[in-house]
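The values are calculated or read from the model by the stated rules, or taken from the named source; none is laboratory data. A quick note: this is a predicted structure, and the numbers were derived from the prediction, not measured. Cβ atoms come from the backbone with ideal geometry, glycine included; neighbour counts cover every protein chain shown. Calculation scope for accessible area: heavy atoms of the full protein, side chains included, ligands and nucleic acids excluded. Shrake-Rupley method; radii C 1.70, N 1.55, O 1.52, S 1.80 Å.
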Amino acid sequence: MSTSSMSTSAATVRPGPAPASGDMSAAARARSAAELDAAARAAVVRARRVRDARQVGVILTLAALCFCVLCVSLSLGEVKIPVLDVVRTLIGADEGGDGYIVTSIRLPRALTGVLAGAAFGMSGAIFQALLRNPLASPDVIGITDGASAAAVIAIVGFGLGGYPVSVVAFVGALVTATIMYLLAWRRGVTGYRLVLIGIAVGAMLSSVISYVMTISKVYEARQALGWLTGSLNAKSWDTVRPLGLALAVLVPLVLLSGRRLAVLRAGDDVARALGVTVERSRLALLLLGVALTAVATAAVGPVAFVAFTSGPIARRLVVDGEAAILPAALVGALVMTTSDLIGQHAIPSIDFPVGVVTAIIGAPYLLWLLAATNRTGRGG
Amino acid sequence: MTTGGSTTTVAQARLSGQAVTLRYGEREIVKDLSVDIPTGRITVIVGANACGKSTLLRGLARLLAPASGAVYLDGKDIHSLPTKAVAAKLGILPQSPAAPDGIRVVDLVARGRYPHQGWFRQLGPGDDAAVARALVVTDTVELASRSVDELSGGQRQRVWIAMTLAQGTDLLLLDEPTTFLDVSHQVDVLDLLTDLNRQEGKTIVIVLHDLNLACRYADHLIAMRSGAVVAAGDASEIVTEELVTTVFGIRARVVPDPVSGTPMVVPIGRYHADASAEPAVTP
């Protein structure tokens, strides 16, 4: 396993009808072959156990962290509630008093953060794995821009607010993704092409947003900008319910497709050779990814960089080379809830929208990624 | 090598193409081509660059659907079969595949088990055994937990072959498995494939650049030019100086390979040839 095996194995003489093994008795040869087989099998089993253990460990740790941050954020606010009381309320064993504040006011906001963060994280990981490009997350390739443009038009052009804006944003994301897919189609869709078209479409949509903002009234502009930043403010159970319902459908479907995704990452030809229906699987996974981003954006607005950063962070945590879909979802939830906690409580009296905090965290990562990929010459 | 006196009967071809036309967009690469892959033997496809040999292989492996004609696997149109069912019978290693960033050797090889997995079934002991066997055969056991990124070209090629072997198919198609390898690794890979053919009876189809290695390792040689088969059969019967001229567009001498006795092609360029090197026939 050392670096020296690289040079030595290059010169290895393979066992076979070579003179070296000629003087070995047949029995000895059979025994050593059996030993080699056993050793190889042990190595394979060990490697699988390492991978599975790491995966389970990462998932449990992230889930525990999420729960901790959730409890802390539920305990903080104008009325401080001890964390233990929060936990008691969550498991349904509270003795009245502050339970109402937790379950009716703070919990919907926190749960919205967890669910939307998980949806962004999962969606980003799907896109990045599917298009084999760390830049290919839905917030970079213009899908959230589609939601934003639609929402801004709804707010400024039609004076809508609240729930209808969410519906319009959801539809905007789907329509944008469809247009991108059709533009990228040339007897199949390649990752690089979709990324470039996505960035171009995103740029066009940004200019649409800018134009609509210039013709807006001050009040509408303020509302639109608030939506564009992404925020968990004033989220109630009316936000949590549809979001939770959508994830209850989408997440299992994504997890079931995980193995296809793993094979697709080895390239179209290899995937096809292994019996994956490439175009159909890719379209299905893209649809799931788009739907996840669309519901999350509809709920909380285009919170910057959560989709973009979660996948790479999750992939570094698990054994290398895995797509890490579920860990990415948990990282997304953790990034979102932690960012909201920071935004709400880091500076007393100032309540930053969650999108501001995630942008502050995410932008340096984007710069680092661009620098790092250029250095290693894997810009695509 | 025992290719010398063998006859190339193609009585039972599990894989065959009938009047196959293959296109990339409007560009027609292979036209109206019929071919039988003899079962249990090593077939090598040779030809000049852009003659359609890789395209033919992709067509035979259902990576590319024919515009007309059909490829038959065990008597059925390969495109009428579920692709996963085909993957349990036929493995193909495409030309210079790209591994996912950072993936470990053992995980890449385990991807070869995909055709044997269901929606819910995880990798089990049977899969472990197949993966371990593939690692042993390709001499990559000691690389198992290394990252594919950090391997040399020869090691990487062996790992990809291991992935294709882990698939556990009787039919094995390989597109230029020796590209980018130095000569010792080329021979290594071809010896490995011969082992698989001799010991496990696998049917193997290889696209190769090196005509001399092709003649040496092929039980059945297919020579292609401009998307058509020019000659097919036993190398020592079909490889003549005329054939080399037809297929590769160069003059050449064909002499017996001092190692294997199979035909060896010695090209004649415009320089460095003395009068005695003139071939028996001129183009």
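Scanning the stretch A:326-343 for residues that are over 13 Å from A:Ala307 (Cβ atoms) and either among the small types (Gly, Ala, Ser) or within 9 Å of the chain's Cα centre (by Cα) (or both) turns up A:Leu326, A:Pro327, A:Leu330, A:Ser339, A:Gly343.
Taking A:Thr214, is it modelled with pLDDT of 90 or more and either among the basic types (Lys, Arg) or more than 22 Å from the chain's Cα centre (by Cα) (or both)? The answer is yes for A:Thr214.
Which residue, of A:Val270, A:Val295, is farther than 13 Å from A:Leu131 by Cβ, in a helix (DSSP H, G or I) and open to solvent by 10 Å² or more (accessible area, probe 1.4 Å)?
One residue alone meets the criteria, A:Val295.
Can A:Arg88 be described as out of contact with any helix residue (DSSP H, G or I) (no Cβ under 7 Å at 6 or more places or on another chain), in contact (Cβ under 8 Å) with a residue 60 or more places away in the chain and open to solvent by 20 Å² or more (accessible area, probe 1.4 Å)? Write out each step before concluding.
Numbers: out of contact with any helix residue (DSSP H, G or I) (no Cβ under 7 Å at 6 or more places or on another chain): yes; in contact (Cβ under 8 Å) with a residue 60 or more places away in the chain: no; open to solvent by 20 Å² or more (accessible area, probe 1.4 Å): yes.
For A:Arg88, the condition - out of contact with any helix residue (DSSP H, G or I) (no Cβ under 7 Å at 6 or more places or on another chain), in contact (Cβ under 8 Å) with a residue 60 or more places away in the chain and open to solvent by 20 Å² or more (accessible area, probe 1.4 Å) - is not met.
Every residue, every condition in (1) modelled with pLDDT of 95 or more; (2) at negative phi; (3) more than 14 Å from chain A (Cβ to nearest Cβ), yes or no:
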| position | (1), (2), (3) |
| --- | --- |
| B:Leu193 | no, yes, no |
| B:Val205 | yes, yes, no |
| B:His209 | no, yes, yes |
| B:Asn212 | no, yes, yes |
| B:Ser226 | no, no, yes |
| B:Thr246 | no, yes, yes |
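A:Ile81 falls short of the stated requirement of being open to solvent by less than 50 Å² (accessible area, probe 1.4 Å), at pLDDT 75 or above, out of contact with any Ser or Thr (no Cβ under 8 Å at 6 or more places or on another chain) and not basic (Lys, Arg). Annotation: of all residues in the stretch A:222-261 being farther than 30 Å from A:Gly275 by Cα and of a type in the set (Val, Ile, Thr), the one that is surrounded by the fewest Cβ atoms within 10 Å (Cβ to Cβ) is A:Thr229.
Quick one: which residue in A:Ile81, A:Ile59, A:Ile101 is among the β-branched types (Val, Ile, Thr), within 21 Å of A:Leu232 (Cα to Cα) and part of a helix (DSSP H, G or I)? Matching residue, one of A:Ile81, A:Ile59, A:Ile101: A:Ile101. Looking only at the stretch A:273-292, which residues are open to solvent by 10 Å² or more (accessible area, probe 1.4 Å) and within 14 Å of chain B (Cβ to nearest Cβ)? Selection gives A:Thr277, A:Glu279, A:Arg280, A:Ala284.
Can you find, within the stretch B:70-124, the residue that is surrounded by the fewest Cβ atoms within 10 Å (Cβ to Cβ) among those that are at the interface with chain A (Cβ under 9 Å from one of its Cβ atoms) and among the hydroxyl-bearing types (Ser, Thr, Tyr)? By that ranking, first place goes to B:Thr83.
Each row is one residue, and each column tells you yes or no for (1) at pLDDT 90 or above; (2) within 14 Å of chain B (Cβ to nearest Cβ); (3) within 38 Å of the chain's Cα centre (by Cα).
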residue	(1), (2), (3)
A:Ser5	no, yes, yes
A:Thr8	no, yes, no
A:Val13	no, yes, no
A:Asp23	no, no, no
A:Ala27	no, no, no
A:Ala38	no, yes, no
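The set of residues from the stretch B:159-191 being open to solvent by less than 20 Å² (accessible area, probe 1.4 Å), within 9 Å of another protein chain (Cβ to nearest Cβ) and in a helix (DSSP H, G or I) comprises B:Trp160, B:Met163, B:Thr164.
In the stretch A:299-318, the residue that is modelled with the highest pLDDT out of those that are more than 24 Å from A:Leu367 (Cβ to Cβ) and open to solvent by less than 10 Å² (accessible area, probe 1.4 Å) is A:Val300. When the stretch A:47-60 is filtered for residues that are more than 8 Å from chain B (Cβ to nearest Cβ), over 24 Å from A:Ser310 (Cα atoms) and touching a helix residue (DSSP H, G or I) at 6+ places or on another chain (Cβ under 9 Å), nothing remains.
Of the residues that sit in the stretch B:125-153 and are in a helix (DSSP H, G or I) and either within 29 Å of A:Pro134 (Cβ to Cβ) or of a type in the set (Ser, Thr, Tyr) (or both), which one is most open to solvent (accessible area, probe 1.4 Å)? Across the stretch B:125-153, the extreme among qualifying residues is B:Glu150. Only one of the numbered conditions (1) surrounded by fewer than 17 Cβ atoms within 10 Å (Cβ to Cβ); (2) in contact with a Phe, Trp or Tyr (Cβ under 8 Å, 6 or more places away or on another chain) is not met by B:Val44, and that is (1).
Among the residues of the stretch A:224-267, those that are more than 11 Å from every other protein chain (Cβ to nearest Cβ) and not in a helix (DSSP H, G or I) comprise A:Gly230, A:Ser231, A:Leu232, A:Asn233, A:Ala234, A:Lys235, A:Ser236.
May I ask you to list pairs of residues, at least six apart or on different chains, whose Cβ atoms are under 7 Å apart, with the first in the stretch A:213-239 being more than 21 Å from A:Gly142 (Cα to Cα) and the second being modelled with pLDDT under 85? From residues that are more than 21 Å from A:Gly142 (Cα to Cα), the pairs are A:Gln223/A:Gly161. Identify, please: which residue in the stretch B:44-68 is over 15 Å from the mean Cα position of the chain (by Cα) and either modelled with pLDDT of 95 or more or over 21 Å from B:Ala231 (Cα atoms) (or both) and is, among those, farthest from the other protein chains (Cβ to nearest Cβ)? Among them, the one singled out is B:Ser68.
Residues in the stretch A:124-174 that are small (Gly, Ala, Ser) and either farther than 23 Å from A:Asn233 by Cα or within 14 Å of another protein chain (Cβ to nearest Cβ) (or both) were compared, and the one that is surrounded by the fewest Cβ atoms within 10 Å (Cβ to Cβ) is A:Gly157. Does A:Ala184 meet the test of being within 30 Å of A:Ala266 (Cβ to Cβ) and aliphatic (A, V, I, L, M)? Spelling it out, A:Ala184 is indeed within 30 Å of A:Ala266 (Cβ to Cβ) and aliphatic (A, V, I, L, M). Say whether the condition of being modelled with pLDDT under 70 and in a helix (DSSP H, G or I) is met by at least one residue in the stretch A:64-71. No: zero hits.
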